[in-house]
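Quick notes on the structure that follows.
The values are calculated or read from the model by the stated rules, or taken from the named source; none is laboratory data. Since we're looking at a predicted model, the values are computed, not measured. Ideal geometry is used to build each Cβ from the backbone, glycine not excepted, and the neighbour counts take in all protein chains shown.
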Amino acid sequence: MKPNIKVFDSPELLAISFAEYFAEEVSKKSRVNIALSGGSTPKIIFQALASEYSNRIEWNKVHFYWGDERCVPPDSAESNYKMTKDFLLDEIRISETNIFRIRGEDESHKEAIRYSNEICNSVHIVNDLPCFDFIMLGLGEDGHTASIFPDRLDLFHSSKICEAVQNPLTHQNRITLTGRVINNAHAAAFFINGSQKAGIVKKIFNDSDAKEKFPAANVKLSNGTLYWYLDKASFQ
Ligand code: 6PG
């Protein structure tokens, strides 16, 4: 099936388009469970949600999870939670009970188990796996997504919900959703900005052995819709 590719003239226009889509999706549901990505790309999306859309979205319906987290304290500059708090959560009216933070400050293997249980107890189950309404995904230049790095393609066959992993370059401990949970989502999107990502995007779309090399190439929702939101600099 041809992927749903949306290419925008700028990251700002990409962000507004997604905010419009998300506002529409929330309006149709009583509860939305969304798993957020980290890194820097989501910042502009969170800013759009927190500004033009902060009063257009019924935030009490939205329950925030993370697709991955660095194993650092929540006030660390490295924390995906802190980035989200700074750019979105502190700017909208939302209850703490709607925020399901990965406790990056805790021992990673124990936290992976705790978070897996928390997800299973709060996200509805479809085909024996949690089914997020939406999963935000970033793309690393090595083809990683969430914290599934190229040395851990096995995580697309893991029976677990979350796993404790390591960034192979920095050896930073991380916790990530596994591939089967990502592929069980109702909807998901890659958000990709910048010319530095053009090379990996081209490889993922064109290399015949992309699935054997790049985790992101293994994201194929079994019963959901996968979107690609790219600015034109990343899709050349
Ligand atoms: C993380 C992310 C990771 C990120 C990509 C892209 O914790 O870093 O979840 O998967 O999405 O590395 O990062 P940028 O948006 O910073 O390019």
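Given the residues 125, 135, which is the only one that is modelled with pLDDT of 95 or more, among the β-branched types (Val, Ile, Thr) and under 12 Å from the mean Cα position of the chain (by Cα)?
That would be 135, the only listed residue that is modelled with pLDDT of 95 or more, among the β-branched types (Val, Ile, Thr) and under 12 Å from the mean Cα position of the chain (by Cα).
Please find, within segment 168-197, the residue that is farthest from the ligand (Cβ to nearest atom) out of those that are surrounded by fewer than 16 Cβ atoms within 10 Å (Cβ to Cβ) and free of Cβ contacts under 8 Å to residues at least 40 places away in the same chain.
This residue is 171.
What's the total number of residues in segment 144-158 that are within 17 Å of the chain's Cα centre (by Cα), more than 10 Å from the ligand (Cβ to nearest atom) and either among the small types (Gly, Ala, Ser) or buried (at least 22 other Cβ atoms within 10 Å of the Cβ) (or both)?
Of the residues in segment 144-158, 1 are within 17 Å of the chain's Cα centre (by Cα), more than 10 Å from the ligand (Cβ to nearest atom) and either among the small types (Gly, Ala, Ser) or buried (at least 22 other Cβ atoms within 10 Å of the Cβ) (or both).
Could you figure out which of (1) more than 18 Å from the chain's Cα centre (by Cα); (2) over 19 Å from residue 15 (Cβ atoms) isn't true of residue 92?
(2)
Taking helices (runs of 4 or more DSSP H) that do not extend beyond segment 1-108, which have at least 3 residues that are more than 16 Å from the ligand (Cβ to nearest atom) and touching a residue at least 24 places away in the same chain (Cβ under 8 Å)?
Ranges flagged: 11-27.
Do we find that residue 67 is among the small types (Gly, Ala, Ser), under 18 Å from the mean Cα position of the chain (by Cα) and more than 18 Å from residue 22 (Cα to Cα) in this structure?
Details: among the small types (Gly, Ala, Ser): yes; under 18 Å from the mean Cα position of the chain (by Cα): yes; more than 18 Å from residue 22 (Cα to Cα): no.
Answer is no for this residue.
Testing residue 121 on (1) in contact with a strand residue (DSSP E or B) (Cβ under 9 Å, 6 or more places away or on another chain); (2) assigned to a helix (DSSP H, G or I); (3) surrounded by fewer than 20 Cβ atoms within 10 Å (Cβ to Cβ), one condition comes back false. Which one is that?
(1)
Restricting attention to segment 126-143, and to residues there that are within 11 Å of the ligand (Cβ to nearest atom) and part of a loop (DSSP other than H, G, I, E, B), which single residue is surrounded by the fewest Cβ atoms within 10 Å (Cβ to Cβ)?
141
Only one of 67, 39, 104 is surrounded by fewer than 16 Cβ atoms within 10 Å (Cβ to Cβ) and under 22 Å from residue 163 (Cβ atoms); which?
Just a single option satisfies the conditions, and that option is 39.
Among the numbered criteria (1) in contact with a Phe, Trp or Tyr (Cβ under 8 Å, 6 or more places away or on another chain); (2) crowded, with 20+ Cβ neighbours inside 10 Å; (3) closer than 23 Å to residue 182 by Cα; (4) not charged (D, E, K, R), which one does residue 48 miss?
With respect to (1) in contact with a Phe, Trp or Tyr (Cβ under 8 Å, 6 or more places away or on another chain); (2) crowded, with 20+ Cβ neighbours inside 10 Å; (3) closer than 23 Å to residue 182 by Cα; (4) not charged (D, E, K, R), residue 48 is out only on (3).
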